[in-house]
Amino acid sequence: MYRLRGVLALKQNLRLSFRSELLNAKQAVMKILNFLCGASPGLTFEEQADLRLVFSELLYNAVVHGNNGDSNKRVYLEVEFEDGIVIGRVADEGSGFDYNELLKHIDDDDLFDECGRGIRLVYSLTDELFFNIAGNVIHFHKRVAAHG
């Protein structure tokens, strides 16, 4: 807890890691949604659906593309909720990818292009999107209505 302009603000966070398997990713998404609904009980159905899609895509990419489905590797996840903003961070143990090339075409309308479709969806549903230099960590910010 800390004070911000005379208001007591709560910063809530969740950290998870799991073996790189799709079932674990699905379970992580449910834990994330439960956490966010507790942190912000007034999340709308649309906000919950958007966040479910964002985290599902990012965790799927981490398991399948980042870690190449290697269950000996792990996926790391951090979620924070503060002042109406969901902050997410997903990392995998893969070597990363050239996100600059993807970002050049992020606004393309070709949703039938399988390469980068998940990141395009995440980009469209979040307010800010950042990658680390290697391309194996992604951060996002998504503003939700100030509930709770």
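Values in this text are rule-based calculations from the coordinates and carry no lab data. This structure is a prediction, so every number in the text was calculated from the model and none was measured. As a convention, Cβ positions derive from the backbone with ideal geometry for all residues, glycine included, and neighbour counts pool all protein chains shown.
Here are the numbers:
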quantity	calculated
Highest average packing first - 37-48, 79-90, 20-31, Cβ atoms within 10 Å	79-90, 20-31, 37-48
Two-site label geometry, Asn72 and Arg19: point separation in nm, points 7 Å out along Cα→Cβ	1.3 nm
Packing rank of 132-143, 53-64, where each peptide gets the mean count of other beta carbons within 10 Å, highest leading	53-64, 132-143
Within the stretch 80-94: backbone nitrogen closer than 19 Å to the Glu46 label point (7 Å, Cα to C-beta)	84-86
Spatially near lysine pairs across the stretch 12-143, Cα under 21 Å, sequence gap of 8 or more or different chains	4
Proximal charge balance of Val90 [Cβ under 11 Å; K/R count +1, D/E count -1]	-2
Cα-based shape type of the stretch 12-143, given that a ≥ b ≥ c are square roots of the gyration tensor eigenvalues and the cut on a/c is 1.5	oblate
